[in-house]
1. Listing Y298, Y65 from the residue with the fewest other Cβ atoms within 10 Å to the one with the most, what is the order?
2. Under 10 Å, Cα contacts only: if you run a Gaussian network model on the chain, which one of F318, F308, F225 comes out with the highest mean-square fluctuation?
3. Exactly which trypsin sites (Lys or Arg not before Pro) in the range 41-129 are in a DSSP loop and have at most 13 other Cβ atoms within 10 Å?
4. Quick one: grab the alpha carbon gyration tensor of the range 216-314, order the square roots of its eigenvalues as a ≥ b ≥ c, and give me rounded if a/c is under 1.5, else prolate or oblate depending on whether a/b is larger than b/c.
5. Restricting attention to the range 68-118, which GluC sites (Glu not before Pro) occupy a DSSP loop and are surrounded by at most 13 other Cβ atoms within 10 Å?
6. Kindly identify the range 152-259 as rounded, prolate or oblate by the Cα gyration tensor criterion: order the square roots of the eigenvalues as a ≥ b ≥ c, call it rounded if a/c is under 1.5, otherwise compare a/b with b/c, prolate if a/b is larger, else oblate.
7. Determine the relative contact order of the chain: mean sequence separation of Cα pairs under 8 Å and six or more apart, normalised by residue count, in whole percent.
8. Tell me the mean residue ellipticity at 222 nm calculated for the chain from its helices only (DSSP H runs of n ≥ 4, each -39500 (n - 2.57), averaged over every residue, nearest 500).
Amino acid sequence: MAGKKAKRTRDIQPFYAMEVLAKAYRMEAQGRDVIHLEVGEPDFASPNEVVKAGCSALTGGHTKYTPALGIPELRQAIADSYEESCRPNIARVAVTPGSSGALMLAFGVLIDEGDQVLLADPGYPCNSNFIRLYGGQPVLVPTDASSNYQLSADLIRQHWQEKTAAVLLASPSNPTGTVITPAEMSAIVTTVDELGGVCIVDEIYHGLTYDIEVRSALHDSDNVFIVNSFSKYFGMTGWRIGWLVSPQDYVAEINKFAQNLYISTSAPAQYAAVSAMTAPVIAECERRRLEFMARRDYLVPALRDIGFKIPLMPQGAFYVYADISAFSEDSEQFALDVLENTGVALTPGRDFGEYRHLAHVRFSYANTMERLHDAVARLRDYLGTFNA
Ligand SMILES: Cc1ncc(COP(=O)(O)O)c(C=O)c1O
């Protein structure tokens, strides 16, 4: 007889892209060449200095638990990475297992059973599942190009209800790569404060922005939760290390949750992360940012030329959220067909929400320029037959 399973196991959604991924692996096992444009992590390896620092930490004996909120030198380096005018004191900085750990802590100290959290649709799927884990209710707010695929102060007012406790913002966003302007972010933070709620701002793609300056929401208030990570800009996804800056008033609770949920973040990863925040590594990450920008500048016009609709130039991250309605009414079937016929792997919109998800796919340009050219050529050949 099957054992008991908690009710919440039914509430948590899988990554639907797994079907595309499983097919891609099957095709590769059969010798087909697959171009992976579905990946959500940089194609670059972690910078050399970071790897060296991680190895030295291991051989130097840093193989034990650390304080729950992280080693002081890393917490200080994180605090110092913010401009002086908004720099948090070190007590507010918690080192976490990726920004996933930071999101788990922030939702954990904020969400009661039945509380609602406003989120942009499309958005990063795990957020809804974190909220459900704590008994909260994600409220997906449909967004489109008119608000940069982001929540705005107006949208937040329109969707605010008695049970709304918090708003999750991600700028730049996954899957659209769009940002919230500094003026809009200030308006949002003020609005949410007036409404009696709290903002959680996911800044994981800060550093990976193109043509524009973004600034941390810490500039707007000390009473926001800021989530960030070494995963994307520093190319350290597998180390599992990120951070949370919380309002002073929540520091003791965050500490308790960190102690109980995971004791501490990996010690060698923390020492490696200290080295990430040094000038040579940042210079290397800057070169990579320019490479990402060149890829974006190639890919977006090339996809538009084939017939994908991309109303806004993404200004950050390494994603393009493209409307496929010229080719299909079902992005999941479309992704599978494209994979079968061209060997190009994409992520269907369903992973990112409910609003017009069947009309969208996400391209990731975390792949070399050569492979992007190859992917575009294959797509052009295949999709050209649709209008023939
Ligand atoms: C918007 C966003 N937030 C959070 C995460 C989680 O990243 P990590 O836990 O590796 O820091 C991701 C990963 O893709 C993401 O895209």
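1. Values: Y298 15, Y65 10.
In order of increasing Cβ crowding within 10 Å: Y65, Y298.
2. F308
3. Values: sites: K52, K64, R75, R92; in loops: K64.
Qualifying residues, ordered by number: K64.
4. Values: a/c = 2.48, a/b = 1.74, b/c = 1.43.
It is prolate, given that a/c is not under 1.5 and a/b is the larger ratio.
5. Within the range 68-118, the qualifying GluC sites (Glu not before Pro) (loop, at most 13 other Cβ atoms within 10 Å) are E83, E113.
6. Working: a/c = 1.95, a/b = 1.15, b/c = 1.70.
Oblate shape, in that a/c is at least 1.5 and b/c is the bigger or equal ratio.
7. Values: 740 pairs, mean separation 95.9, N = 388.
Worked out over the chain, it gives 25 percent.
8. Numbers: 13 runs with 158 residues, N = 388.
That calculation yields -12500 deg cm²/dmol at 222 nm.
No value in this document is a laboratory result; all are computed from the given coordinates. Computed from a predicted model, the values in this text were never measured in an experiment. Using ideal geometry, Cβ is built from the backbone for each residue, glycine included, and neighbour counts are taken over all protein chains shown.
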